[in-house]
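See below for the structure under consideration.
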Ligand code: FES
Ligand code: FES
């Protein structure tokens, strides 16, 4: 057992963790932040993507120990005051949500991507999205959604 | 043009906000007080006798409350053939089968303890391919084959590994052989694949002390689970309550009863406690249902002028260690002969036991294997006859008064294959093909497709429509939303039919057999057609009841009244009316006396005259509602890497009536992508010991955004279907059907090599290209 402190969606948390626990384990099991999804066990689907200190990470292969003193944002932290985040809105508007299981991870990926640089080109968007598997959409609407999100964010 | 308010509009999904905010609750998100966790032990051998199981060490581990084995298991289960054991009893038949399980307080403790269970096995020969388990000297995988209960139409062959033999016979086949002037043939193979939803399958089972049983599952078949669990545990079905939360994709393998019986068996040993098991990604591959594994030997005979005469096929389907979930897929692959009329057919299907995980539904349900064979052979036949491939096809397309191989007569409202085919011809084939250059070979391919639901003849979908006091409406149905968007379709159809603002229509969000109307299962691309029809019926009943109430309120005969969504008024004098809100709880007169019914209505709908196959000929009304389509592609093959790049993939479907264009396009391109995966990338690989060597997303690699076609084109044809709501047809599975044959036909067009097997990897492509170049150089 080891005690760590970190912020999740702006709220300070203290938690005891076991060495084998991943960030995904503690988000889901200890804080009930089940919006972050588990799709695999080897970091290859992106469903578990969250933001740690501004970077999109795959929380299933990110040791919980490493978030000590870090700032974590999950899908639950995006909508503010009952308003959807523009990326969330764009994914809906472009029809990019089918089963929705890949959606939180993809939204977090785009959140980090656009936060770092809102002027990324299509190739860079595709590069970021290629870390994510979606079995439903054939990706067309997800790419459209990403571009629409970029537009919404620029208009803001 | 029609003046619909909601049909044909891009209404946004009612569940999207919950999904983008992370609030949608999927199976693994559910926590129940006192919940325990199961971990399942699977064997190291794919076929072996169990000699002994020692659980004593595991029982002593931290957090362990119980260790369960199959030793005392007295039942088998299954919907079609009861050949499945919830946990292995005296032998194991595939790696991935449950041998024992630990129930513990945390998933971690359960995992640690399961490693301590010791099992002794005696190995038996392993077969991973139907052709091997069919050999004369093959050991039996099921000694009891033939003794298990099965649906009356099945024919298991005792003392063999054949779980079912099905034959379709149309016409006197001896005549067929005499009449045909040209014959083409091929042996096709669709290797094992996986639906691979991003959400792994999982179940929670809770046996209560009062003999009620609760199940939560990421399944699309709550009613089947309810019946099956009730039968197994000898309780009334009404004692079994099945909850279905959000489902993170299905594509087939979360249908039928799969892991639910195993988790229930485990939980039955801990009465009073909910027990949860969620597959790891690896277990999702090894221990739920996989797909495909179908070899087809096919011959097509024709006259010299291109008139088709016969089709003959033998389907050898490796359906894995248990055949319950695979048997209907073999049958579908066998009686499917594509979009053409064949005067004669002799098609035989063998459902064969193998030591691989059980095969279950996977988008296309066997139709894709037959389409691969038929559509490749049509191209080959055209070449042999020196005919244009479209001319050959057009000559033989099913149209008015032609007959399907199953004997059903084609009706014009079944759709228009020619229009679909023309659309693809225009998009893909009208322009000049680029010439081979330094880097690439270029090719174009085509395939025509058709599919009907493969269902049960009593399959139906129930609906309950309730008017609320403020005139808003709640719709409750039993259809499982897996991402296909049925909730949006429900809202649109209800709003259109009831003439009510769509904002006031609420669609159910989860299924709970305690409240949900009965639905057989949400499979076979049937929801829009059947569910939509049920919904219209319920809406019409509700309107009729409103009219009854209005007739009491206005003291006038019902037929003098008209409904417009807000009020009911006198046809000849609209100034005399009563508001809907004043009718929904009955009509209250000024003195408080209330008359009339509360406005709620139930209904259901099935496919009219859908039947079982005839025991002799295999024919029957096995389709009823068809969707026709055509698909085509432009590809490039990279000479250096062997990679097949898809520059354009075009699909045209006769959808009857488009209900929601954005959702429909999403279904089609999503299906095409699954088809591309199966054609170029995805294969579950078993070694000769029956071990799956790539049970991870990193090794079972399905397409990412980088493999997306450079362009998707989608065309909708709208020939109204008479039984579908507003003329609509089903579409869920159809987009995968033509992908493999279209790509393989394009590969022939590019390099002149006929391929018969999918997937075709880029390594294999590269070899083919090298051989080709050598051939050209005359080496
Ligand atoms: S769950 Fe983390 S990458 Fe798949
Ligand atoms: S929407 Fe289902 S996996 Fe992406």
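Some points to look at:
- Subset of region B:389-414 (residues that are in contact with a helix residue (DSSP H, G or I) (Cβ under 7 Å, 6 or more places away or on another chain) and under 22 Å from residue B:427 (Cα atoms)): B:389, B:390, B:392, B:393, B:394, B:397
So that you can scan it fast, the table gives a plain yes or no per residue for (1) closer than 22 Å to residue B:62 by Cβ; (2) surrounded by 24 or more Cβ atoms within 10 Å (Cβ to Cβ):
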| position | (1), (2) |
| --- | --- |
| B:82 | no, no |
| B:88 | no, yes |
| B:100 | yes, yes |
| B:104 | yes, yes |
| B:108 | yes, no |
| B:116 | yes, no |
| B:142 | no, no |
| B:151 | no, no |
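So that you can scan it fast, the table gives a plain yes or no per residue for (1) touching a strand residue (DSSP E or B) at 6+ places or on another chain (Cβ under 9 Å); (2) on the phi < 0 side of the Ramachandran plot; (3) modelled with pLDDT of 95 or more:
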| residue | (1), (2), (3) |
| --- | --- |
| B:281 | no, yes, yes |
| B:298 | yes, yes, yes |
| B:338 | yes, no, yes |
| B:368 | yes, yes, yes |
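- Of all residues in region A:95-110, those that are free of Cβ contacts under 8 Å to residues at least 12 places away in the same chain have Cβ atoms under 6 Å from Cβ atoms of residues that are more than 15 Å from ligand 1 (Cβ to nearest atom) and assigned to a loop (DSSP other than H, G, I, E, B), 6 or more apart or on another chain, in A:100/B:24.
- Filter result for the condition that a residue is out of contact with any helix residue (DSSP H, G or I) (no Cβ under 9 Å at 6 or more places or on another chain) and at pLDDT 95 or above, over B:664, B:680: B:664
- Verdict on residue B:375 being surrounded by fewer than 24 Cβ atoms within 10 Å (Cβ to Cβ), in contact (Cβ under 8 Å) with a residue 60 or more places away in the chain and assigned by TED's automatic domain parsing to the domain that holds residue B:758: no
- Test: residue A:139 is at positive phi, touching a helix residue (DSSP H, G or I) at 6+ places or on another chain (Cβ under 8 Å), crowded, with 23+ Cβ neighbours inside 10 Å and not assigned by TED's automatic domain parsing to the domain that holds residue A:7: yes
- Residue count, region B:185-196 (criterion: more than 16 Å from ligand 1 (Cβ to nearest atom) and under 18 Å from the mean Cα position of the chain (by Cα)): 5
- Residue list for region A:121-136, filter: part of a loop (DSSP other than H, G, I, E, B), within 12 Å of another protein chain (Cβ to nearest Cβ), out of contact with any helix residue (DSSP H, G or I) (no Cβ under 6 Å at 6 or more places or on another chain) and surrounded by fewer than 20 Cβ atoms within 10 Å (Cβ to Cβ): A:131
- Conditions (1) surrounded by fewer than 22 Cβ atoms within 10 Å (Cβ to Cβ); (2) away from ligand 1 (no atom under 14 Å from the Cβ): number failed by residue A:67: (1)
- Search result, residues across region B:720-756 that are assigned to a helix (DSSP H, G or I) and at pLDDT below 95: none
- Residue count for region A:77-103, restricted to those that are touching a strand residue (DSSP E or B) at 6+ places or on another chain (Cβ under 8 Å), crowded, with 24+ Cβ neighbours inside 10 Å and over 19 Å from residue A:128 (Cα atoms): 1.
- Filter result for the condition that a residue is within 30 Å of residue A:102 (Cα to Cα) and more than 16 Å from ligand 1 (Cβ to nearest atom), over B:199, B:214: B:214
- Strands (runs of 3 or more DSSP E) enclosed by region B:19-75 - at least 3 residues per element that are within 25 Å of residue B:219 (Cα to Cα): B:36-41
- When residues of region B:226-262 are limited to those that are within 14 Å of another protein chain (Cβ to nearest Cβ) and within 17 Å of residue B:359 (Cα to Cα), the one nearest to the chain's Cα centre (by Cα): B:252
- Within region B:289-319, the set of residues being surrounded by 23 or more Cβ atoms within 10 Å (Cβ to Cβ) and part of a loop (DSSP other than H, G, I, E, B) comprises B:289, B:292, B:293.
- In region A:28-42, the qualifying residues are those that are touching a strand residue (DSSP E or B) at 6+ places or on another chain (Cβ under 8 Å) and closer than 23 Å to residue A:115 by Cα, and the one that is nearest to ligand 2 (Cβ to nearest atom) is A:37.
- Note on region A:43-78: among residues that are touching a residue at least 24 places away in the same chain (Cβ under 8 Å) and at positive phi, the one that is farthest from ligand 2 (Cβ to nearest atom) is A:69.
- From the list A:25, A:41, the one residue that fits, being within 8 Å of ligand 1 (Cβ to nearest atom) and surrounded by fewer than 23 Cβ atoms within 10 Å (Cβ to Cβ), is A:41.
- Condition met for residue A:106 (buried (at least 17 other Cβ atoms within 10 Å of the Cβ), within 16 Å of ligand 1 (Cβ to nearest atom) and within 17 Å of the chain's Cα centre (by Cα)): yes
- Tallying residues that are under 35 Å from the mean Cα position of the chain (by Cα), at negative phi, touching a residue at least 12 places away in the same chain (Cβ under 8 Å) and in a loop (DSSP other than H, G, I, E, B) within region B:96-143 yields 16.
- Filtering region B:10-38 to residues that are in contact with a helix residue (DSSP H, G or I) (Cβ under 7 Å, 6 or more places away or on another chain), within 14 Å of chain A (Cβ to nearest Cβ) and in contact (Cβ under 8 Å) with a residue 24 or more places away in the chain leaves B:10, B:11, B:12, B:13, B:14, B:15, B:19, B:24, B:37.
- Test: residue in region A:30-38 that is more than 14 Å from ligand 1 (Cβ to nearest atom) and surrounded by fewer than 17 Cβ atoms within 10 Å (Cβ to Cβ): yes
- Test: residue in region B:706-721 that is within 12 Å of chain A (Cβ to nearest Cβ) and without any contact (Cβ under 8 Å) to a residue 12 or more places away in the chain: yes
The values are calculated or read from the model by the stated rules, or taken from the named source; none is laboratory data. For clarity, every value in this text was computed on a predicted model and none was experimentally measured. Cβ: placed from backbone, ideal geometry, glycine included. Neighbour counts: every protein chain shown.
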